[in-house]
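Take a look at the structure set out below.
Values in this text are rule-based calculations from the coordinates and carry no lab data. Being a predicted model, the structure only gives us computed values, none of them experimental. Virtual Cβ from ideal backbone geometry, glycine too; neighbours counted across all protein chains shown.
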């Protein structure tokens, strides 16, 4: 499977709004393209803490969407915070259609690898890179149904 997930977002000191118009591609004889849009609205509570809502959907094959009752539409209440150097996201979600999971919980743990030449919060220069420092917050907000 291959996923095309553009990240379109807006952020200021207090709020962030992110949309992912995701297309999942499968391979093989019956390969298809499913449209699975997602969105997030979160309030910045300060000190690397966020609280918000996330919406996940899977409406079916591009060009041949499923009938609404068979589509998956879910709404999650989420919170993000740091525990030491780990980023933590916890959430609980409910299905909005019969084709959705009734109740889902999720937990995501993340770690941002140090970036060469960039100082960490303790003033030490980092020596190793595996992530774009500007993408750390977005990378911690994967909008993939759990």
Selection from the stretch 56-79 of residues that are touching a helix residue (DSSP H, G or I) at 6+ places or on another chain (Cβ under 9 Å) and in a strand (DSSP E or B): 60
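Okay, residues lined up against (1) surrounded by 15 or more Cβ atoms within 10 Å (Cβ to Cβ); (2) outside any loop (DSSP other than H, G, I, E, B); (3) at positive phi; (4) more than 12 Å from the chain's Cα centre (by Cα):
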position: 18; (1), (2), (3), (4): yes, yes, no, no
position: 22; (1), (2), (3), (4): yes, yes, no, no
position: 30; (1), (2), (3), (4): no, no, no, yes
position: 37; (1), (2), (3), (4): yes, yes, no, no
position: 54; (1), (2), (3), (4): yes, yes, no, no
position: 81; (1), (2), (3), (4): yes, yes, no, yes
position: 97; (1), (2), (3), (4): yes, no, no, yes
position: 105; (1), (2), (3), (4): no, yes, no, yes
position: 113; (1), (2), (3), (4): no, no, no, yes
Subset of the stretch 1-16 [surrounded by fewer than 11 Cβ atoms within 10 Å (Cβ to Cβ), touching a strand residue (DSSP E or B) at 6+ places or on another chain (Cβ under 8 Å) and outside any strand (DSSP E or B)]: 1, 6, 13, 14
Residues of the stretch 64-74 satisfying the condition of being exposed (fewer than 15 other Cβ atoms within 10 Å of the Cβ) and either in contact with a strand residue (DSSP E or B) (Cβ under 8 Å, 6 or more places away or on another chain) or touching a residue at least 60 places away in the same chain (Cβ under 8 Å) (or both): 65, 70
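On the given criteria, is residue 101 out of contact with any helix residue (DSSP H, G or I) (no Cβ under 9 Å at 6 or more places or on another chain) and not in a strand (DSSP E or B)?
Answer is yes for this residue.
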